[in-house]
Amino acid sequence: MCGIVGYVGRGRAKEILLESLRRLEYRGYDSAGLALIEDGELLIFKRAGKVAELERMVASSDFRASLGIGHSRWATHGRPTDENAHPHRDCQGRLAVIHNGIIENYLPLKKELQARGHRFASETDTEVLAHLFEEHYDGDLEKAVRAGLKRVKGAFAIAVIAKDAEEIVAARVGSPLVIGLGEGENFLASDIPAILPYTRKMLFLNDGEMAVLTASGVRLITFSGEAITREPRQIDWDPVTAQKGGYKHFMLKEIHEQPQAVEDTIRGRYSLDEGEVFLEELALSGRKAKEIRNIYLLACGTSFYAGLVAKYLWQNWLKLPIGAELGSEFRYSDPYIDEKTLVVAISQSGETADTLAGVRKARERGATVIAVANVVGSSITREADGVVYTHAGPEIGVASTKTFTAQLAALALLGVYLGRKRGELSPAQAREVLSGLASGPRQLEAILKKEPEVQALARRFYDKPDFLFLGRDILHPIALEGALKLKEISYIHAEGYAAGEMKHGPIALIDEEMPVVVLVTKNSVYDKVFANIEEVKARKGIVLAFTDELNPEIEQVADQIFEVPQTPEVLTPMVFVVPLQLLAYHIGVLRGTDVDQPRNLAKSVTVE
Ligand code: AGP
């Protein structure tokens, strides 16, 4: 999730672009850069680090340029280095490109361009765009961009400038792009906050649309060049509301970003035709994969629950002993580890001390370590043998929401990858799982539309002092995660339990004051869970059934029902967790807690 900005007009582009980039830093920043057209020359300044580093780099330069583009990067392909920072240029230094998104087919395009003599300066997917446009550029920048984009697959919001052109050409598919309309000047950005100080008159591009910005005006066109007319919108948000995309809290915004986070995490990493998964940053050989004799999924908190979900799925796919281990326990215990052990360390931040200590112990004992992380270049990723990055973008809310569902998606991909490498999963079996996974964004969109039903539940139960969350099999980890979300956001005491454990103690807690969230899916343990619901009812507990199996028997025993769509098993945890995230969020709001920064919590627990 990078930030792109552009300016053309009568003002000083450097100052305007730097201010716009500073307002986009919440979108992630591990490098930043600028490209300016000054006296017919293309000047590029870029370096790793925050926007402040870039400012220091250009502070003493007094540019009069009134046209330029800027970029703050949240790395997905290529480490956060000066060379990988945007903007990227062509071989001749005639044009510069900035990009937010993922070019899925950048590797074959890069090989093709290199074969035609193009020299690359970075590891990024974005740089292929600069060389593609260069091949078509004969002075008409719009035409060159349209021709180059015909070869590109993936998600992108781009802006392109050329030293002999008085315009900025922008285009989008799958990543946001907003145009700001000024008097004698025009702006573009990934998001509203970047340009709000300069104009409130904005145009929003849709997928497959381009914009050509000059000082005097903006033209909207399709990728095939047809003109588009669109009325600008007047945006009256304040800057902070704008950073939250109009949502009341970052947590709610990030809950609603989950379809995009899952889409971006799986994009370009599988082929339904071949029934294959491609994790090029992993570099795990088929031989190494076949040698694995046991696996530990290692994590803390919400990430540990993602590991528990993977355990349920992988033990069927991989026919191996698989353990889910808490970092704080694993690091001090004496688990069986040898060179045939695989440890998968799951961490949104990549900095959690207990998980990092577990990684070090595993490596000392000869295990192969793979990290599943959201932050490129974080400590755990640097100490692992291979990495599968989630592409959820920065998560500002302390509670893990979109990074959790992105972890589930990444772990599903990794499980299929290992299953195929080991020969335990056939292409047909892989295809079945992957087609289920591919429908994830659409299923998540559908469940998010039912938010008002969850709000009604929150209003009914927000004043209860205790909650129980029950689930079995693959929904047991989701019961634990639902309880954790409620605990950490609303400060209500909530327990997650394997439903079958009720009779071993927790059932003593049940009374007419106790809301019991029961997760029910039509699988092999449906009858057992239904029996647990009846146990709760018999003790006058309040049953809130979240179920993808609506039938008269459930309607008869449940006090409240929230219907979840029936999905392939690989998606079941994702679609069940979203209403629980929303329940925790809305109960927290009703109880007046600070849902983005709950008391006593930190986003990343880098100490013991
Ligand atoms: C969950 O909402 C919390 N933010 C916390 O449990 C978190 O999942 C845990 O601290 C692990 O963090 P990590 O994924 O960055 O390693």
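The values are calculated or read from the model by the stated rules, or taken from the named source; none is laboratory data. Because the structure is a prediction, the values reported are computed rather than measured. Cβ placement follows ideal geometry from the backbone for every residue including glycine, while neighbour counts extend to all protein chains displayed. Just so you know, the surface numbers come from the protein's heavy atoms only, side chains and all, with ligands and any DNA or RNA stripped out. Shrake-Rupley method; radii C 1.70, N 1.55, O 1.52, S 1.80 Å.
Here are a few things to note about the model shown:
- DSSP bridge analysis restricted to the chain gives an antiparallel fraction near 60%, rounded to the nearest 5.
- Sparse packing (at most 14 other Cβ atoms within 10 Å of the Cβ) combined with a DSSP loop state is found for the following GluC sites (Glu not before Pro) in the range 430-531: 512, 513.
- A crude spin-label estimate for the pair residue 234 and residue 272, with each label 7 Å from Cα along the Cβ direction, gives 4.5 nm.
- Model label zone, residue 569; criterion: amide N under 13 Å from point 7 Å along Cα-to-beta-carbon; scope the range 311-331: 311-319
- Using the rule -39500 (n - 2.57) for each DSSP H run of four or more residues, divided by the residues of the chain, the 222 nm mean residue ellipticity is -10500 deg cm²/dmol.
- Modelled FRET efficiency - R0 35 Å, residue 53 with residue 224, Cβ distances, 0.05 increments: 0.30
- Kirkwood hydrodynamic radius (C-alpha pairs) into Stokes-Einstein, the range 513-608, 37 °C and 0.692 mPa s, D in µm²/s: 215
- Largest-first principal axis extents, alpha carbons of the range 301-346, Å: 29, 28, 12
- Surface per residue (accessible, 1.4 Å probe) for the range 215-281, Å²: 51
- Solvent-accessible area, 1.4 Å probe, carbon plus sulfur percent, for the range 201-243: 51
- For the pair residue 450 and residue 115, a Förster radius of 41 Å applied to the C-beta separation gives a FRET efficiency near 0.20, rounded to the nearest 0.05.
- Spin-label model, residue 166 to residue 524: label points 7 Å out along the Cα-to-beta-carbon direction sit 7.2 nm apart.
- Net length gained if the chain between residue 64 and residue 319 were fully extended (0.36 nm per residue, minus Cα distance): 85.3 nm
- Whole-Å distance, taken between Cα centres, linking the range 364-412 and the range 205-273: 26
- Sites matching trypsin sites (Lys or Arg not before Pro) across the range 79-122 that sit in DSSP coil, with at most 12 neighbouring C-beta atoms within 10 Å: 116, 119
- Extension gain, residue 491 back to residue 550 (0.36 nm per residue minus Cα-Cα distance, nm): 18.1 nm
- Among the GluC sites (Glu not before Pro) in the range 102-185, those located in a DSSP loop and surrounded by at most 11 other Cβ atoms within 10 Å of their own Cβ are 183.
- Ellipsoid semi-axes in whole angstrom, largest first, where each is sqrt(5λ) of the Cα gyration tensor of the range 451-551: 19, 16, 13
- When the Cα gyration tensor is reduced to axis lengths a ≥ b ≥ c, the ratio a/c is 1.5 or higher for the range 162-210, and with a/b not above b/c it is classed as oblate.
- Remark: spin-label model distance residue 360-residue 429 equals 3.8 nm, labels positioned 7 Å along the Cα→Cβ axis.
- Exposed loop positions in the chain were taken to be chymotrypsin sites (Phe, Trp or Tyr not before Pro) whose DSSP state is not H, G, I, E or B and which have at most 11 other beta-carbon atoms within 10 angstrom. Between these positions, the longest stretch is 1-331.
- FRET efficiency, 1/(1 + (r/R0)^6) with R0 35 Å, evaluated for residue 382 and residue 459 via beta carbons: 0.15
- Rounded if a/c under 1.5, otherwise prolate or oblate - the range 247-346, Cα gyration tensor axes: oblate
- Taken about its Cα centre, the range 173-302 carries a charge dipole of about 360 debye when Lys and Arg each add +1 at the Cβ and Asp and Glu each add -1 at the Cβ.
- With contacts taken as Cα pairs under 8 Å and at least 6 residues apart, the range 132-287 reaches a relative contact order of 15 percent.
- Principal axis extents of the C-alpha atoms in the chain (largest first, rounded to whole Å): 80, 55, 44.
- Summing Cβ point charges (Lys, Arg +1; Asp, Glu -1) relative to the Cα centre of the range 271-316 gives a dipole of roughly 420 debye.
- Per-atom-type breakdown for the range 30-153 gives carbon and sulfur 47% of the accessible area (1.4 Å probe, protein chains only).
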